[in-house]
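In what follows, a structure is listed as structure tokens, so that the remarks can point back to it.
The values are calculated or read from the model by the stated rules, or taken from the named source; none is laboratory data. This one's a predicted model, so the numbers in the text were calculated from it and none came from an experiment. We place every Cβ from the backbone using ideal geometry, glycine too, and count neighbours over all the protein chains shown.
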Amino acid sequence: MARVPFGISRLDSMIGGGAPPGSVVLVAGEVGAGAREFIYTSAVMNGLAHADEEQFDLYYGGLHDRTRLPAGVRYLSFTASEPELTEEMRYAMETDLVDAATDPIDFVDLSSEYFQLSQVPTEWYSSMTQSITSLGADHDRKDVLDALGDYLNDHAEDSLVVIDSITDLLSLDDQLQWDDVPMLLKGLKRASNRWGGLILLLVTVDTLTDTQLGQLMAATDGAMLFEWASGGSERDRTMVVKQFRGVLSRLEAENIIRFETEINDAGFDISDVRKIR
């Protein structure tokens, strides 16, 4: 079976080229522990593969035999515009790398739909957004879940899709109750299996109870937890593969489920492998 690359070279090589097509993966992290850098790197590297093959080979290396690049890269944010996101990416990665990679990425700003029913003044977000729905005619404007669903139906097929972030959706008490969230992800998983790409869902674990995190994990195909680990006088970033359909058995066969990680000029990377026996 072909695999869709995460864009993290060492991880992709360990799991046979990437994730099974159609996977929905929860990227859950403690604040600053590397989850956001992971999704930035995934989007940038997959974008770079389309934009500049020579630079992609320099930063990522050769593709695994089973790897199939996604046809498109879609980055959806509920609260941030493209300029804000690319600027954040430049803080995490080499500027030239980000500039070369972002042109093929379709940044989708859903902030108008997200904030429209809130108390946030319209001028704070509408003046700097290009929403996928018209900023005129308020009565025709979609709510954020409708806009999200319509976009994915039209553009998610055979694509890497980053949704930044599920944490933002959890604050939509007027539109989405907690029990609706796992159900939404289960529906997304079913649709993604038909679309055949890879969907990454960012969430901040500090905002969840253990039970809520478990429900989100159960509603997705894979879950990776990004944590701070203390060792002596230093704190290290680690990534734990909690579950992954079609992948975890391969890692367990090699006694690997925890990775030490680092952030360098090329973004998120695995610096060492901890084997759990």
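So which of Leu11, Leu97, Leu58 ends up being farther than 22 Å from Ala156 by Cβ, surrounded by fewer than 19 Cβ atoms within 10 Å (Cβ to Cβ) and not small (Gly, Ala, Ser)?
Leu58
Matching residues to (1) within 26 Å of Ala2 (Cα to Cα); (2) in contact with a Pro (Cβ under 7 Å, 6 or more places away or on another chain):
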site: Gly197; (1), (2): yes, yes
site: Thr220; (1), (2): yes, no
site: Ala223; (1), (2): yes, no
site: Glu227; (1), (2): no, no
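Find all pairs meeting these conditions: Cβ atoms under 6 angstrom apart; at least six residues apart or on different chains; first residue within region 251-263 and of a type outside the set (Ser, Thr, Tyr); second residue in a helix (DSSP H, G or I) and at pLDDT 85 or above.
Cβ pairs passing all conditions: Ile263/Glu37.
Please work out if Trp178 is aromatic (Phe, Trp, Tyr) and touching a residue at least 60 places away in the same chain (Cβ under 8 Å).
Against the criterion (aromatic (Phe, Trp, Tyr) and touching a residue at least 60 places away in the same chain (Cβ under 8 Å)), Trp178 does not qualify.
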